[in-house]
Amino acid sequence: MSGFLQALPFVLRMEGGFVDDPDDRGGATNFGITQNTLDVWNGSRSQPKRSVREITKAEVEAIYHEQYWVAGKCDALPWPVSAAHFDAWIQHRPDVAAKMLQEAVGAIPDGMIGPNTIAAVNAADPRELLEDLYWIRLDFYYRISKGSQLKFLRGWLRRMIHLREELRP
């Protein structure tokens, strides 16, 4: 089984179904896919815009594979680091997720996953790298959990606990 197919069920469990919380900066989402992401996806395929409520499981899988797994260069990373990075790529902007990974391995945090970052990740001890990534993400969640975002902190922390348990070697 590919790393993507191993990692996807966790993401789908954590993201759940349709949500449209007015305080969620991502807006309406379904299975974690935002309305904007679906609109761009459909536009790139000359498909009409439609509500993210109507997204299919096949579309969810294709979007996560192309725009998150492949774009995040997860295939170039060892398991389970690839799954942790995939989850970060989904939860945070791509440049933020890339910088988190780079910080964890001591690479220059330029926000782009290139050959130097990939080499540093592959040279690192996966267990230590996972721990560093968890703490970096926890710190990030605490820093952004102000005002209207504070109500999401419990869910973000629960996600990290489940991710850590799921990926524990």
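For the chain, the alpha carbon convex hull comes to 114 Å³ per residue, rounded to a whole number. Straight-distance candidates among the lysines for linking to Lys146, with alpha-carbon spacing under 27 Å and chain neighbours fewer than 8 residues away dropped: Lys99.
Each of Ile113, Gly32, Ala88 was placed along the dipole of the chain (beta-carbon charges, centred on the mean Cα), and the one lying farthest toward the positive end is Gly32.
When both region 1-43 and region 135-169 are represented by their alpha-carbon centers, they are found 17 Å apart. Phi angles across region 47-54 convert, under the Karplus curve 6.51 cos²θ - 1.76 cosθ + 1.60 with θ = phi - 60°, into 3J(HN,Hα) values of 9, x, 5, 7, 5, 5, 4, 8 Hz, Gly and Pro given as x. By the helix-only formula, in which each DSSP H run with n ≥ 4 contributes -39500 (n - 2.57) and the sum is divided by residues, the chain has a 222 nm mean residue ellipticity of -17500 deg cm²/dmol.
If only the Cβ of Lys and Arg carry +1 and only the Cβ of Asp and Glu carry -1, the dipole of the chain around its Cα centre is close to 380 debye. When each of His92, His85 is scored by the number of other beta-carbon atoms lying within 10 Å, the sequence from fewest to most is His92, His85.
Each reported figure results from applying straightforward, stated rules to the coordinates on display, with no laboratory input. Small disclaimer: the values here were computed from a predicted structure and weren't measured. Positions of Cβ are backbone-derived with ideal geometry, glycine not excepted, and every protein chain shown enters the neighbour counts.
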